[in-house]
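What follows is a single structure, written as structure tokens, with notes after it.
The values are calculated or read from the model by the stated rules, or taken from the named source; none is laboratory data. Just so you know, these numbers come straight off a predicted model, no measurement behind them. Ideal geometry is used to build each Cβ from the backbone, glycine not excepted, and the neighbour counts take in all protein chains shown.
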Amino acid sequence: MNSPLISVITTTFNSGAKIAATVASVLSQKKELYEFLVIDGGSTDGTLEHLCAQGSALRWFSEPDEGIYDAMNKGIRLTSGEFLYFLGAGDRLLPGVLEAVAAEIRKLPGQAQTSRPTFLYGNVDLSDCNRPYDGRFNRFKLLRRNICHQAIFYQRSVFDRLGFYNTKYRSLADWEFNIRCFNDESIRKRYIPLRIADYEGGGKSITAPDPAFYADFPLIPSLTQIEFLLYDPRAEQGRNLALSLDEAVWRLYEAGYHIPFRWKVTLLKQNWSAKRLCLVVCSICGFSFARFKQILAFLERENAPPSR
């Protein structure tokens, strides 16, 4: 029996009635394209009864696990599809999308055992706003926000090369894995402008802290806060934020990161201060942060009022 093109893996734990829409969205896809595996963490709320009612249309098993990424790693081991796709309980594949993705997979060059592993991704529809998330990514954008895993199809050879999800990260292991993917030049990253799924949102990655992740990636909080402040410039007003926009940008510059032009423009639109103008000019000229501080100190001395 030939392996399916796509393995759809859903992890659940006490998902309740919302699992029904997720399952229905998968079973409506073209049958010969996929296998469907549900990995349950030992639900006690009726989830298993719904899965039993599907008969042979899907495979499932239920046992205690060490968290969502432990369950996802089990799914990788227990499936055989060429591409792996993780759909959360409560999320829904859009109609006919696996057929559209299969057509994109067939366009990939050199789909042989010796070809480059492929990280294929599109967009999701966010349930809380009428827009897709979030277009094409590069390594710097990925340090500011993650690609929704409901938008990604990983070729199995990606996991063969990099290993599985690191379960020390309790809620952001998929973000860490995606960073590894984008840092590996041997992995082909291919964006397809397709809406893959309706994403429910509010999952563990949003609601549960992951101190181990932020300890290993200490700049990410500054980067994500800059994005937040740029998206809503009023956010600094009346909110108890850890960093101001100024402080976040200075910290980024000090660490040696490129500052996108849009961020510089936003800073200057808010306030044409000498400090901000100096930073913009120095970063455009490629000066180090130490050199920027020297120039800024010189300007401040020149503009200081004369002493009596």
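Annotations
For (1) in contact with a His (Cβ under 9 Å, 6 or more places away or on another chain); (2) free of Cβ contacts under 8 Å to residues at least 40 places away in the same chain; (3) not assigned by TED's automatic domain parsing to the domain that holds Phe159, each residue gets a yes or a no:
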position	(1), (2), (3)
Thr10	no, no, no
Val23	yes, yes, no
Glu35	no, no, no
Asp40	no, yes, no
Phe61	no, yes, no
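- Within the range 120-152, considering residues that are within 11 Å of the chain's Cα centre (by Cα) and part of a helix (DSSP H, G or I), the one farthest from Phe182 (Cα to Cα): Gln150
- Among residues of the range 153-171 that are closer than 16 Å to Phe182 by Cα, those with a Cβ under 6 angstrom from a residue that is among the basic types (Lys, Arg) and surrounded by fewer than 17 Cβ atoms within 10 Å (Cβ to Cβ), sequence gap 6+ or separate chain, pair up as Leu162/Arg180.
- Residue in the range 186-199 that is at pLDDT 70 or above, in a loop (DSSP other than H, G, I, E, B) and surrounded by fewer than 16 Cβ atoms within 10 Å (Cβ to Cβ) present: yes
- Test: residue in the range 92-100 that is under 23 Å from Glu200 (Cβ atoms), modelled with pLDDT under 95, in contact with a Leu (Cβ under 6 Å, 6 or more places away or on another chain) and surrounded by fewer than 18 Cβ atoms within 10 Å (Cβ to Cβ): no
- The residue of the range 74-89 that is farthest from Ile196 (Cα to Cα), among those that are within 18 Å of the chain's Cα centre (by Cα) and outside any strand (DSSP E or B), is Gly88.
- Checked against the criterion of being touching an Asp or Glu at 6+ places or on another chain (Cβ under 7 Å) and outside the structural domain of Arg262 (by TED's automatic domain parsing), the candidates Ala197, Ala102 yield just one match: Ala197.
- Residue in the range 14-34 that is under 24 Å from Asn178 (Cα atoms) and in a loop (DSSP other than H, G, I, E, B) present: no
- Leading residue by the ranking (farthest from Val97 (Cα to Cα)) among those in the range 42-56 that are of a type outside the set (A, V, I, L, M, F, W, C) and touching a residue at least 24 places away in the same chain (Cβ under 8 Å): Thr44
- You will find that of Asn14, Asn73, the residue that is surrounded by 14 or more Cβ atoms within 10 Å (Cβ to Cβ) and modelled with pLDDT of 95 or more is Asn73 and no other.
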